[in-house]
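Engineer: Okay, handing you the structure first.
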Amino acid sequence: QVQLVESGGGLVQAGGSLRLSCAASGLTFSRYVMGWFRQAPGKEREFVAAFSRSGSSIQYSDSVKGRFTISRDNAKNTQYLQLNGLKPEDTAVYYCAASALVITSRPDSVLYWGQGTQVTVSS
């Protein structure tokens, strides 16, 4: 049974930082494409960042580029999302995502989802 478990969310002031983690089990982590999405209240789930199929490149949404950094540690079956320079509009539930093929900006490209971790940024 595949499980993706996020942690590290919380309440932070604007300009602050958080580091999200996603611990994976039940799959061969190194063979999966990993990424992050987020969903704000009343809005659709949106793409944040993801590795390419080969792992040689990373895609970020324009709204987080230069502020967020995705990384992964295959030895620990864990991926991370470093959130710097947080803004109130970054407030959302952040979801870990895994795919056997590719992760695009479309949520339907994702095979497995975590349960989400809340990030709240106060102004």
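Engineer: Please go through the stretch 4-18 and give me each residue that is within 14 Å of residue 93 (Cβ to Cβ) and either free of Cβ contacts under 8 Å to residues at least 24 places away in the same chain or among the polar types (S, T, N, Q) (or both), ordered by number.
Structural biologist: 7
Engineer: Next question. Quick check on my filter: what residues within the stretch 68-86 are charged (D, E, K, R) and either part of a strand (DSSP E or B) or touching a strand residue (DSSP E or B) at 6+ places or on another chain (Cβ under 7 Å) (or both)?
Structural biologist: So in the stretch 68-86, the residues charged (D, E, K, R) come out as 72-73, 76.
Selection gives 72, 73.
Engineer: Mind checking which residues of the stretch 75-84 are more than 13 Å from residue 38 (Cβ to Cβ) and surrounded by 14 or more Cβ atoms within 10 Å (Cβ to Cβ)? Give the derivation first.
Structural biologist: Start the filter on the stretch 75-84 by keeping residues that are more than 13 Å from residue 38 (Cβ to Cβ), which leaves 75-80, 82, 84.
If the condition is that a residue be more than 13 Å from residue 38 (Cβ to Cβ) and surrounded by 14 or more Cβ atoms within 10 Å (Cβ to Cβ), then 77, 78, 79, 80, 82, 84 are the ones that fit.
Engineer: Please go through (1) open to solvent by 30 Å² or more (accessible area, probe 1.4 Å); (2) under 11 Å from the mean Cα position of the chain (by Cα) for residue 6 and return the number of the only condition it doesn't satisfy.
Structural biologist: The single condition residue 6 does not satisfy is (1).
Engineer: Just one of 24, 98 is touching a Ser or Thr at 6+ places or on another chain (Cβ under 8 Å), farther than 18 Å from residue 10 by Cα and open to solvent by less than 20 Å² (accessible area, probe 1.4 Å); which is it?
Structural biologist: On the way: 98 fails: touching a Ser or Thr at 6+ places or on another chain (Cβ under 8 Å).
Of 24, 98, the one residue that is touching a Ser or Thr at 6+ places or on another chain (Cβ under 8 Å), farther than 18 Å from residue 10 by Cα and open to solvent by less than 20 Å² (accessible area, probe 1.4 Å) is 24.
Engineer: Let me spell it out: the conditions are (1) of a type outside the set (Phe, Trp, Tyr); (2) assigned to a strand (DSSP E or B); (3) closer than 14 Å to residue 118 by Cα; (4) open to solvent by 70 Å² or more (accessible area, probe 1.4 Å), and residue 89 meets all of them except one. Which number is the exception?
Structural biologist: Only one criterion in (1) of a type outside the set (Phe, Trp, Tyr); (2) assigned to a strand (DSSP E or B); (3) closer than 14 Å to residue 118 by Cα; (4) open to solvent by 70 Å² or more (accessible area, probe 1.4 Å) is unmet by residue 89, namely (2).
Engineer: Hey, among the residues in the stretch 101-119 that are part of a strand (DSSP E or B) and under 15 Å from residue 3 (Cβ atoms), which one's least open to solvent (accessible area, probe 1.4 Å)?
Structural biologist: Within the stretch 101-119, the first condition is being part of a strand (DSSP E or B), and the residues that meet it are 112-113, 117-119.
Adding the requirement that they be under 15 Å from residue 3 (Cβ atoms) leaves 112-113, 117.
Numbers: 112: 72, 113: 83, 117: 18 Å².
Applying the filter and picking the extreme gives 117.
Engineer: Show the residue pairs that are 6+ apart or on different chains and have beta-carbon atoms under 6 Å apart, the first residue being within the stretch 19-32 and without any contact (Cβ under 8 Å) to a residue 40 or more places away in the chain, the second being assigned to a loop (DSSP other than H, G, I, E, B) and open to solvent by 30 Å² or more (accessible area, probe 1.4 Å).
Structural biologist: 26/1; 26/2
The values are calculated or read from the model by the stated rules, or taken from the named source; none is laboratory data. Treat the numbers as computed from the prediction; the structure is a model and nothing was measured. FYI the Cβ positions are ideal-geometry reconstructions off the backbone, even for glycines, and counts take in every protein chain you see. The accessibility values were calculated without ligands, DNA or RNA, using every heavy atom of the protein model including side chains. Shrake-Rupley method; radii C 1.70, N 1.55, O 1.52, S 1.80 Å.
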